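Peer 1: For reference, the structure I am asking about is given below.
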Amino acid sequence: MVSVEQIRKVYVETVALDLEKLHIPKGESFGLVGNNGAGKTTMFRCLLDLIKPDAGKCSLKDIDVSKSEDWKYFTGSYLDERFLIDFLTAEEYFHFIGRLHGLSKEEVDEFVDQFEGFFNDEILGKGKYVRDFSKGNQKKIGIVAALIGSPEILILDEPFANLDPSTQIRLKNLLKKLKEEREVTMIISSHDLSHVAEVSERIVVLEHGKIVHDIQKTENTLKDLESYFAAE
Amino acid sequence: MIEIVKNSWKEFFRSAVWQKNAFVNFLMGLMFLYLALNFVFLGWAGGYILMGIFPGESPIENLNYGLLYYFLVDLFLRFYMQEIPVIGIVPYLHLPVKKKKIIHYLLAKSAFGVFNTSILTLAVPFAIAWISKYESTSGAWYWLFAVFAFNLINNYLIVYLKKAFSEKPSIVLGFGGVIAALITLEYFGFIKIGTLSLAIFNGVIYNGLILLPIIFIAIAIYLFVYRYYANNAYLENLKSSKKKNVKSTNISFLDRFEQIGKLIEVEIKLILRNKRPKSVTVISFLFVAYGFILYPTTGTNAIALIIFGLIITGMFMLNYGQFLISWESAHFDGLLARNVQLKDYVRAKFYLFGVAVIISFILSLCYFMYGARVIAFNGAVALFNLGVTSWVVLFFSTFNPKKIDLSKSTFFNYQGTSSQQFLLMVPVMGLPILIYGLGYLVFGLNETAGAITLAVFGLIGVLSTKPLTNILAKRLKDQKYKIASNFRE
């Protein structure tokens, strides 16, 4: 479903990303962990064709992302607030994204309404521009917008950061549900080992742009990860 | 305290404006120098100009007669153009620095703003060339002090008023109305503000004691503003963003154009809801009225008509278009990762330009009073703008655009400026004149033929929308990584 081959990205002498081969099969929930500067965001940006790798290619469902734009129809993503259009209201932003997927206003409204619980009454009908929401609420908007258009692949960078505890739990449930009901392939990064261990079946640890661990989740995964990061 | 001063020097020299190549800095330096020299010259020549307008009268007295009005208008303009740098003090509020000091510093800094320094480049040469020459050196000094004191009074009044009335723009407009009314009343001789002005500014040349009450008022206003800020220097008061309840809107007319319509709708909202693009747009459409000044004064030879046509029908395209992609710098990543086809993106921009040109042209139809020739030329240039200039602007916008903060004022704001903006002017000004000249020469020095050639080129450009869109989409595809990384800086 998602494959990365020989990807390399160098920024002025520092290697940001240097991956041999990574394949993520359909329906897998894939967690990415690593310290700051490990290359998580760089990898996400390569996957979404936001930066051009110095070598190698990324494919989503066998489409080379730098060659064609067709992957955008089945890929939902939220990396940071640069994905939001901050002078629109939350509703207008959802309608805009929906429009890009050929959905009418009513269809989008209906879709977004099912996230009422996730929004915790803080997003819809507030009469505020996106820029006036708090960081956590902006993140909620970004995550739900990424789900519009029923994506087969979902890419989220640090989705748990800045969220309040209740929303973190709701998000975990939401992601689990997406996996069970629709077999969405999910790629999620996090600094919080427990969150990522909980929602992922497979966890990859990046360090200085390279994969240093690639493990299927077991009961001991969280402990292993903690001891790995403590040792450094 | 010294540390804070140091920091604001760093803030100034490290601001994005200077982080460009040396050539652009050099060009901008040259531009400022040119402006400053113009001011100095105007100050020096001001007396001759006044003597030309009011022959046989004292230029000094005439100037002083109008000075008070000048300061009233100045106060009005400052509402829109003067920035109050309050937000700069936020990082110091929690540190062990006395709040008093920070506020005094903040207020002192505002005295060195562009407004206050530029008036001195006018006033000093005038004082030297006229007052000290024909009256007395001490008189020139008194006069300069008085002018500067009034300048500071305005400066601090605005620092207060802008903060106090930022929520009520109607009051500012009301103030503008009052000034207009005063000028009208003076014109019809009901009041004599000019006489008061004369008494103050001419009086001070002969009697330095008049300075005392002026300085007293300036100090009183300073202290008042100081107290106001000292009592309001809290985070919540410093934030100028007013939280209004906004409505979600939908321009349903655009719905029928599918994705392109939605992209245009978002761009229109971008313009309406953000300070800088909004004022750029308003100013651009004000230029449509520029013809009322241009046509009667400069005449209507063909080359002039082409340049005026360019300004009148193409100002939005040039003014807004020079930062075309930069306007979206805050959400460019989002556009790239979403299901936006680059071709649609290009086409949406092209349509936006097209609508602006057509609206400007329709508005400019009122210039038929200067003859049908004016309309014919405007029409030819409008078509040329639509079909050629628009593509030139679109093409240039893909060259290394820089990040722009939409919420900043547009006056004296050079964020986003690079050599691209200067280069753009060459083809934009040159091409229509070149192509007009081509038609004019080939068809036997015929003006009509020149104008028709312009229109035909424009028409070809409009008809070639499809291939040109493809070329630009290709160009954007190659450049998008660089553009996106510029915007992430």
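The values are calculated or read from the model by the stated rules, or taken from the named source; none is laboratory data. Quantities reported herein were computed from a predicted structural model and do not represent experimental measurements. Neighbour counts are summed over all protein chains in view; Cβ atoms, including those assigned to glycine, are modelled from backbone coordinates with ideal geometry. Surface areas here come from the heavy atoms of the whole protein model, side chains and all, with no ligands, DNA or RNA. Shrake-Rupley method; radii C 1.70, N 1.55, O 1.52, S 1.80 Å.
Peer 1: Tell me, what % of the accessible area of the protein assembly as shown is carbon and sulfur with a 1.4 angstrom probe?
Peer 2: 65 percent
Peer 1: In addition: Would you mind getting the accessible area per residue of chain A, heavy atoms of the protein chains only, 1.4 Å probe, in Å²?
Peer 2: With all protein chains present, chain A gives 43 Å² per residue.
Peer 1: Using only protein heavy atoms and a 1.4 Å probe, how much accessible area in total is buried between A and B, to the nearest 100 Å²?
Peer 2: Separately minus together, A and B give about 3600 Å² buried.
Peer 1: So what's the back-of-envelope 222 nm ellipticity for the protein assembly as shown, counting only DSSP H runs of four-plus at -39500 (n - 2.57) apiece and dividing by all residues, rounded to 500?
Peer 2: Theoretical 222 nm ellipticity from helices: -19500 deg cm²/dmol.
Peer 1: Further question on the same structure: Going by accessible area, probe 1.4 Å, with all protein chains left in place, what is the ranking of B:Arg227, A:Arg99, largest first?
Peer 2: B:Arg227, A:Arg99
Peer 1: While we're on this one: P(r) for the protein assembly as shown, please, calculated from all Cα pair distances in 20 Å bins and given in %.
Peer 2: The distribution over the protein assembly as shown is 14, 39, 33, 12, 1, 0, given as percents.
Peer 1: Tell me which residues come under 5 Å, amide H to amide H, from A:His213 once H is placed; ignore anything under 5 positions away on its chain.
Peer 2: Correct list: A:Val205.
Peer 1: Something else now. If you bin every alpha carbon distance in chain B into 10 Å steps from zero, what whole percent lands in each bin?
Peer 2: 3, 15, 23, 24, 20, 11, 4, 0
Peer 1: Can you give the direction-averaged projected area of the convex hull of the alpha-carbon atoms in segment B:104-177, in nm²? Display every interim value, and only then the final one.
Peer 2: On the way: hull surface 25.5 nm².
For the Cα atoms of segment B:104-177, the hull's average projected area reads 6.4 nm².
Peer 1: For chain A, what number results from the quotient of the Cα radius of gyration and 2.2 N^0.38 Å?
Peer 2: Working it through for chain A, the quotient is 1.00.
Peer 1: Name the aspartates and glutamates eligible as straight-distance cross-link partners of A:Lys40: C-alpha to C-alpha under 16 Å, and not fewer than 8 places from it in the same chain.
Peer 2: Of all the aspartates and glutamates, those that pass the test against A:Lys40 - Cα under 16 Å, at least 8 places apart if same chain - are A:Glu5, A:Asp18, A:Glu20, A:Asp49, A:Asp80, A:Asp157, A:Glu158, A:Asp192, A:Glu207, A:Asp214.
Peer 1: If you average 1/r across every pair of different Cα atoms in segment B:371-432 and take the reciprocal, what Kirkwood value do you get, in Å?
Peer 2: That comes to 13.7 Å for segment B:371-432.
Peer 1: Continuing with this model, one more query. Report the normalised scattering of segment B:247-489 as log10 I(q)/I(0) at q = 0.10, 0.16, 0.17 Å⁻¹, calculated by the Debye formula with identical scatterers on the alpha carbons.
Peer 2: Computed log10 I(q)/I(0) values: -0.49, -1.19, -1.32.
Peer 1: Among B:Gly430, B:Asn116, A:Gly34, whose Cα lies farthest out toward the positive end of the dipole of the protein assembly as shown, if unit charges sit on the beta carbon of Lys, Arg (+1) and Asp, Glu (-1)?
Peer 2: Checking the options against the dipole of the protein assembly as shown, the answer is B:Asn116.
Peer 1: Let me ask you something else. For segment B:1-245, what is the Kirkwood estimate of the hydrodynamic radius, computed as the reciprocal of the mean inverse distance between distinct Cα atoms, to one decimal in Å?
Peer 2: 20.4 Å is the Kirkwood radius here.
Peer 1: Using the alpha-carbon atoms, what tilt in degrees (0 to 90, nearest 10) does helix B:2-13 show relative to the longest principal axis of chain B?
Peer 2: 30 degrees
Peer 1: Skip the ligands, DNA and RNA, and give the accessible area per residue of segment B:247-489 with a 1.4 Å probe, whole Å². Don't jump to the answer; show the numbers that get you there.
Peer 2: Working: 10070 Å² over 243 residues.
Solvent-accessible surface per residue comes out at 41 Å².
Peer 1: With a 1.4 Å probe and every protein chain left in place, tell me how much accessible area A:Arg45 has, in Å² to the nearest 10.
Peer 2: 40 Å²
Peer 1: While we're here: Could you tell me the ratio Rg/Rh of segment A:3-116? Both radii from Cα atoms, Rh via Kirkwood. If you can, show how the numbers build up before the last one.
Peer 2: Numbers: Rg = 16.6 Å, Rh = 16.2 Å.
Dividing the radius of gyration by the Kirkwood radius yields 1.02.
Peer 1: Next up: Give me a single rounded figure for A:95-107: the average over its residues of other chain Cβ atoms within 10 Å of their Cβ.
Peer 2: 4
Peer 1: While we're on this one: Could you work out the mean count of beta carbons from other protein chains within 10 Å of each residue's beta carbon in A:120-129?
Peer 2: 2
Peer 1: Can you sort A:Asp157, A:Asp113, A:Asp132 by 1.4 Å-probe accessible area, starting with the largest?
Peer 2: A:Asp113, A:Asp132, A:Asp157
Peer 1: Give the ranking of A:Asp70, A:Asp62 by solvent-accessible surface, highest area first, calculated with a 1.4 Å probe.
Peer 2: Putting A:Asp70, A:Asp62 in descending order of accessible area: A:Asp62, A:Asp70.
Peer 1: Just to be sure I understand the model, the point goes 7 Å from the Cα along the line to the Cβ. What's the resulting B:Phe292 to B:Cys366 distance in nm?
Peer 2: Here the answer is 0.6 nm between the modelled labels.
Peer 1: Below 8 Å, C-alpha to C-alpha, sequence gap of six or more: please give me the relative contact order for chain A in percent. Walk me through the intermediate numbers first.
Peer 2: Values: 420 pairs, mean separation 66.5, N = 232.
Once normalised by length, the contact order is 29 percent.
Peer 1: With the cut-off at 29 Å, tell me which of the pairs A:Lys105/B:Lys269; A:Lys26/A:Lys210; A:Lys105/B:Lys162; A:Lys21/A:Lys67; B:Lys10/B:Lys477; A:Lys9/B:Lys278 have Cα atoms farther apart than that. All intermediate terms of the calculation are to be shown ahead of the outcome.
Peer 2: Details: A:Lys105/B:Lys269 17 Å; A:Lys26/A:Lys210 23 Å; A:Lys105/B:Lys162 40 Å; A:Lys21/A:Lys67 19 Å; B:Lys10/B:Lys477 37 Å; A:Lys9/B:Lys278 39 Å.
Too far apart for the 29 Å limit: A:Lys105/B:Lys162; B:Lys10/B:Lys477; A:Lys9/B:Lys278.
Peer 1: Measure nothing fancy, just the Cα-based angle from helix B:258-273's long axis to the longest principal axis of chain B, in degrees from 0 to 90, nearest 10.
Peer 2: 10 degrees
Peer 1: Return one quarter of the surface area of the convex hull spanned by the alpha-carbon atoms of segment A:139-181, equal to its mean projected area, in nm².
Peer 2: Projected area, direction-averaged: 3.0 nm².
Peer 1: What figure, in Å² to the nearest 10, do you get for the accessible area of B:Ile128 with a 1.4 Å probe and non-protein molecules left out?
Peer 2: The accessible area comes out at roughly 110 Å².
Peer 1: Keeping to pairs on different chains or 8 or more places apart, tell me how many lysine pairs in segment B:334-466 have Cα atoms under 25 Å apart.
Peer 2: Summing the qualifying lysine pairs gives 7.
Peer 1: Round to the nearest 10 and give me the degree value, 0 to 90, for the angle of helix B:114-126's Cα axis relative to the longest principal axis of chain B.
Peer 2: So the helix axis and the longest Cα principal axis differ by about 60 degrees.
Peer 1: Within 10 Å of each Cβ in B:473-482, how many Cβ atoms from other chains are there, averaged over the peptide?
Peer 2: Mean shielding count: 2.
Peer 1: Let me ask something else. Around A:Ile7, which amide H atoms from residues at least 5 apart in sequence, or from another chain, sit under 5 Å from its own amide H, with H modelled in the peptide plane?
Peer 2: Under 5 Å from the amide H of A:Ile7: A:Leu19, A:Lys57.
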